[in-house]
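First comes the structure, then the notes that go with it.
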Amino acid sequence: MGRSTGALAQLVVAILTVAEYALATNTSTMAYWLNPRAAIIQNTTVIEGGTLFTANYSNGGWGTTTSYGSPYGRLFYMSLCSSFNTSTDAVDALLQVKPESSSSVPFWTGGALFATDYEWYTYGYVQWMVKSLLFINDASGLPSPRRKPTDINVIQGTLFQQSAAQSVWAPTVDSNYSPDKSANVSNYIALGGWANAPSEKLGFWFSGLQAANGGVIDTLAYPNKSDQANTTARSFIKVDMSSPGEALWQNLTWPDWLQPRAEGGLVWLPYGDQGILLAFGGVDLPGDQASSGLNLNTTAKVVMNDYMTNIAVYDIARDTWALQLTQETMSPPQMAQFCTVTASAADNSSYFVYVYGGYDGTWGHNPAAYDSIWVLSVPAFQWTKITDGTPAHRRSRHACVLPNPTQMLSIGGGTDRANLVNPDWLDVYDLNAQAWTHFYNSSSTDLYKVPSAITTQLGQGSANGGFTIPSGLNGTVTAMLETRYQKQITGYFPYDYCT
């Protein structure tokens, strides 16, 4: 369970548009937004945390960046009820901003946003920090060291109140929430893989980074500190959100053969009684979190590449892990800090995990950020490269969501120089068109069509499905995939019913 204390436990405050709240001028936009966490709750994209800077963009270049807002946390809402075009519309105005507390709650970066169809919880953190923000002014106006975080990185919020007749928009934030201490779940962790299973009201966290002593993390980016997150964590957290506001947190274990890593991906797929998780990607020690970076020697690259070709599969109901080798000669390069969304064949015979962007886990190497899109097909466990993308779309440390079966929204991110190549912190990729169309259609009823590049690669199926489990998979994995998921997965699109 969790608990909240204090008179300001439930903060219901005014929601402002970014244009009304931001320090930026009308000609400013978001230059980069590193490690935001995002999830869709019914008809709203909720975005929290990250390192966010704005700047003027003109003549193909960025001006001086300015930190967004105050050092205290903000929750961002983006309605999915109206169509927009990111190449012509003022997309910054699509965001609404809600303070998470009247004081003391800073921006967090590198964590998870666990969510059901009604509420959300943040988990995992590094305090938002750059050199210019190592100190803040105290009451006397003199600089004082920024307070180290303790337990306040876990926040609970409600977006909709559920009733017998309908869901009622009622956003609240509980900044005094904390998981039950008896669960033995550490708050001091960052940059792990995480996933939501809304139909199960479950969230999961996999591995990540922690301090060597397991204690408070103050910063990732500056070395020679006892509280630097520089050690991979054997952490596997399950969050049961069945009871609103009272999540049950559980610290699980994994087998010795499964290697911890940071900045990887975790994806939930509807197989078996409660679904399965896929853990893949990531690196042993991320280069973007060490000032000196990593040397990309041959041994390190081979070991880290295995995380893209050896997929760890977890059956939730059976509490069982298995390792599945991907089944093709084509595979992605070493990847970290990418984003994922999952599409489904019309007959649910196969699922397709889209992996966009990321970087190679090192620092100071080319490409500094990827612009490609790879797709992992399950149950085939084969990779297909859908597009090389364009240099303008290269990014890492971003988030992605899929509001309907065919349109992926890319949110935030940056490059090795922090700033995005273009002022496109929000963009739209159409899975059917296999292109960045920049247009989000709130009324879309289109179903996903499997691209011919994938069916050709797999040697089976069609645009509408007809896929089968191949022979030669790990027997334990095959058993996981043979049981069809029976629970209803609620979709809230098209969004014509809301405004």
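Read-outs throughout are calculated quantities, based only on the coordinates presented, and are distinct from any laboratory measurement. Since this is a predicted model, take the numbers as computed values, not measurements. So basically every Cβ, Gly included, is an ideal-geometry build from the backbone, and we count neighbours across all protein chains shown.
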Packing-based order for 260-267, 235-242, using average beta carbon neighbours within 10 Å, highest first
260-267, 235-242
Residue-wise HN-Hα coupling along region 472-483, computed from phi with Karplus coefficients 6.51, -1.76, 1.60 (Hz; x: Gly, Pro)
x, 6, 3, x, 5, 5, 4, 4, 5, 7, 6, 8
Fewest-first ranking of Asp273, Asp92, using other Cβ atoms within 10 Å as the exposure measure:
Asp273, Asp92
Taking neighbour Cβ counts within 10 Å as the exposure measure, how do Arg37, Arg484 sort from fewest upward?
Arg484, Arg37
Where Lys and Arg each count +1 and Asp and Glu each count -1, what net charge lies around Ala346 among other residues with Cβ under 12 Å from its Cβ?
-1
Kindly flag which residue pairs out of Lys181/Lys238; Lys385/Lys449; Lys201/Lys487; Lys238/Lys487 have an alpha-carbon separation exceeding 23 Å in this structure.
none
If you count, for each residue, the other Cβ atoms within 10 Å and average over each peptide, how do 312-318, 444-450, 202-208 line up from highest to lowest?
202-208, 312-318, 444-450
FRET efficiency for Gln486 and Asp89, using Cβ-Cβ distance with R0 set to 60 Å, rounded to 0.05
0.90
Of the trypsin sites (Lys or Arg not before Pro) in region 361-434, those whose Cβ has at most 12 other Cβ within 10 Å and which sit in DSSP loop
Arg417
Size-normalised alpha-carbon gyration radius of region 315-408, reference 2.2 N^0.38 Å
1.18
